[in-house]
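**Q** Here it is: the structure, laid out below.
The values are calculated or read from the model by the stated rules, or taken from the named source; none is laboratory data. Note that the coordinates shown come from a computational prediction; the quantities given were computed from them, not determined experimentally. We place every Cβ from the backbone using ideal geometry, glycine too, and count neighbours over all the protein chains shown.
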Amino acid sequence: MKNDKHELKEVVSELKTYLEFQRDMGLKSVFGSIEKKKEPAQKPQKPRAKPAEAQTNTNMNEDIIVIEDNVNLFDDSQKKITLEEIREEIGDCTRCQLHEGRTNLVFGDGNPKARLVFVGEGPGRDEDMQGKPFVGRSGQLLTKIIEAMGLTREDVYICNVVKCRPPNNRTPEADEMDTCEQFLFKQIRAIKPEVIVCLGATASQSLLKTKGSLGSLRGKFHIYGNTKLMVTYHPAALLRNPNFKKPLWDDMQVVMKELGLPLPNK
Ligand code: SF4
């Protein structure tokens, strides 16, 4: 009986948090169902690009960035590699200087067959302590965003460009991201999501190989190998400036539409 009460209290508390976020976003309805993962559609085979040639083509007319099939990201003829194998390959990594200050390597978390992957720039203090991505205040806000989309953290996959915490939460250096991003590419290849959401300018600029501002990159899909990539604000930016909630929610609604998730009634 005591346990039942405790569980009920937790459910009520989670529901309250979810509804508060919906209210903050100006939403007036609650989602009724979660769409299951569709069978992957047959997509036209892209010509394989050599890693050295995997570069950015920018269509200036639409301001959409197209990243060719980076490190054969979506080449089905490549040997299949699982997330466990990628984690094993990383091992007790010392490939860049970030290993010196880490408590735990933060590989990633979530559904290995997720249709939607969120990518941040790197672990913070809480993440470093727990070895899990997005578990601090920003992470709690990300969880609310995911729930406002009618999903749970278990439906999606969450990871970062660099797997070890930069000292004092500084932005990862270019060489650190260059060294570590190979593992992110492999994670994306293993999961094959339909949509990637880059959280914040650093992750977005790193994946899209651009110096474009977050404002110029967000709000539309870029093409990343065989998947679509949306840029939006990092949840930490929303904690600093609640005015970013509305544009972030606009971005998430574009993602929801792409995934066929039910949109809230206005
Ligand atoms: Fe290795 Fe990446 Fe950690 Fe650098 S950030 S030590 S490359 S796992």
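**Q** Could you list, in sequence order, all residues of the range 181-232 that are of a type in the set (S, T, N, Q) and within 11 Å of the chain's Cα centre (by Cα)?
**A** Ser204, Thr232
**Q** Could you please let me know if Ile81 is at pLDDT below 95 and under 21 Å from Ala174 (Cα atoms)? Working first, answer last.
**A** On the way: at pLDDT below 95: yes; under 21 Å from Ala174 (Cα atoms): no.
No.
**Q** Here is a follow-up. Residues that are within 12 Å of the ligand (Cβ to nearest atom) and closer than 19 Å to Leu142 by Cα, at least 1 per element: which strands (runs of 3 or more DSSP E) completely within the range 157-231 meet that?
**A** 157-160
**Q** Working only within the range 129-156, note down all residues that are assigned to a loop (DSSP other than H, G, I, E, B), away from the ligand (no atom under 13 Å from the Cβ) and over 16 Å from Pro235 (Cβ atoms).
**A** Those that are assigned to a loop (DSSP other than H, G, I, E, B), away from the ligand (no atom under 13 Å from the Cβ) and over 16 Å from Pro235 (Cβ atoms): Gly150, Thr152, Glu154, Asp155.
Residues checked against (1) touching a Gly at 6+ places or on another chain (Cβ under 8 Å); (2) of a type in the set (Asp, Glu):
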position	(1), (2)
Lys209	no, no
Gly215	no, no
Phe221	no, no
Tyr224	no, no
Tyr233	yes, no
Leu238	no, no
Lys245	no, no
Met252	no, no
Glu258	no, yes
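**Q** Could you please let me know if Ile64 is over 19 Å from Met177 (Cα atoms) and out of contact with any helix residue (DSSP H, G or I) (no Cβ under 9 Å at 6 or more places or on another chain)?
**A** Considered against the rule, which asks whether it is over 19 Å from Met177 (Cα atoms) and out of contact with any helix residue (DSSP H, G or I) (no Cβ under 9 Å at 6 or more places or on another chain), Ile64 comes out as yes.
**Q** Looking only at residues that are more than 12 Å from the ligand (Cβ to nearest atom) and in a loop (DSSP other than H, G, I, E, B) in the range 104-117, which one is surrounded by the most Cβ atoms within 10 Å (Cβ to Cβ)?
**A** That would be Arg115.
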